[in-house]
Amino acid sequence: MTAGRVPGLAPAFLPAGPSALLVDLPGAAAGEAASLAAHVRAGSVAAGLSLLDVVPGAATVLLDGLDLPAELGAVRALVASWSPARHGDVAPGRLVEVPVVYDGEDLADVAGAWGCSVEEVVARHTGAELVSAFCGFAPGFAYLTGLGSADPRRPGETTWPWSVPRRASPRPRVPAGSVALAGGWCGVYPTASPGGWQLIGRTDLDLWDVAADQPALLAPGTRVRFVAVR
């Protein structure tokens, strides 16, 4: 069995318009889609692909700008040359430190779910280095991995051994800058919006700037550390 994959489930290639393919990775571990995206970007020229964009998701990678169906075989070969067992070998991205005031409405509930003090929740959260796996939900909202719970199907994967469920009832409005947890993910709301994640703190960082060369501060591949401030 290859580490990080569910046996018997091979990548699926789904059409997404006249020049795009969605590569679906059933049972993908956190970070595998980002790893495949990096592999495709690095090998696309040698493979003769006319790619315009490569966009990772939670368990998918969108390849856009292809000459289809002529390049389908080259795409399949490039994906087949990627090893899921090496998904941790992606070159580390830049590090962004996020200052956080830990006073979220759900902080005590998270501490109760983990069976620890509020101070220990903060210590665990600030002690982890996370990575932006992909962006979605809202412009600039990064899904940060590194908080996944242990999975017996993936014995070779190093995980952060705590997670919390989404709230039973989503809030109609979560303030911009809210730092939140849900399942094995962490996220920071770039703008005010509805949301069902557990709120543990807040930051003043601007996560989305349309005038910047890279509008999303926490673009995929970015390493993230949270720093407690008063």
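Computed from the coordinates by the stated procedures, all read-outs in this text should not be read as laboratory data. Predicted model, so just to flag it, every value in this text is computed and none were measured. Counting neighbours? That spans all protein chains shown, and the Cβs are built from the backbone with ideal geometry, glycine included.
Within the shell of other residues whose beta carbon sits under 9 angstrom from the beta carbon of L49, the net charge comes to -2, with Lys and Arg scored +1 and Asp and Glu -1.
Across segment 108-119, computed HN-Hα scalar couplings (Karplus, 6.51 cos²θ - 1.76 cosθ + 1.60, θ = phi - 60°) run 5, 5, 5, 4, x, 5, 8, x, 9, 7, 4, 4 Hz from first to last residue, x flagging Gly and Pro. Computed 3J(HN,Hα) for segment 130-140, one whole-Hz value per residue from the Karplus formula 6.51 cos²θ - 1.76 cosθ + 1.60 where θ = phi - 60°, is 9, 9, 6, 7, 6, 10, x, 6, 8, x, x, glycine and proline marked x. In order along segment 15-22, phi translates into HN-Hα couplings of x, 9, x, x, 9, 9, 10, 9 Hz, rounded to whole numbers, per the Karplus curve 6.51 cos²θ - 1.76 cosθ + 1.60 with θ = phi - 60° and x for Gly and Pro. Amide hydrogen proximity for G201: with H placed 1.01 Å from N in the peptide plane, the residues at 5 or more positions away or on another chain lying under 5 Å are D103, G104, V179. Peptides 209-216, 127-134, 42-49, 107-114 ranked from most to least packed, by the mean per-residue count of other Cβ atoms within 10 Å: 127-134, 107-114, 42-49, 209-216.
Could you work out how far helix 32-43 tilts from the main Cα principal axis of the chain, as a 0 to 90 degree angle to the nearest 10? It is inclined by approximately 40 degrees. For the chain, dividing the convex hull volume of the Cα atoms by the residue count gives 137 Å³ per residue.
In plain terms, the chain from Q214 to S169 could stretch by 12.8 nm, reckoned as 0.36 nm per residue minus the Cα-Cα distance.
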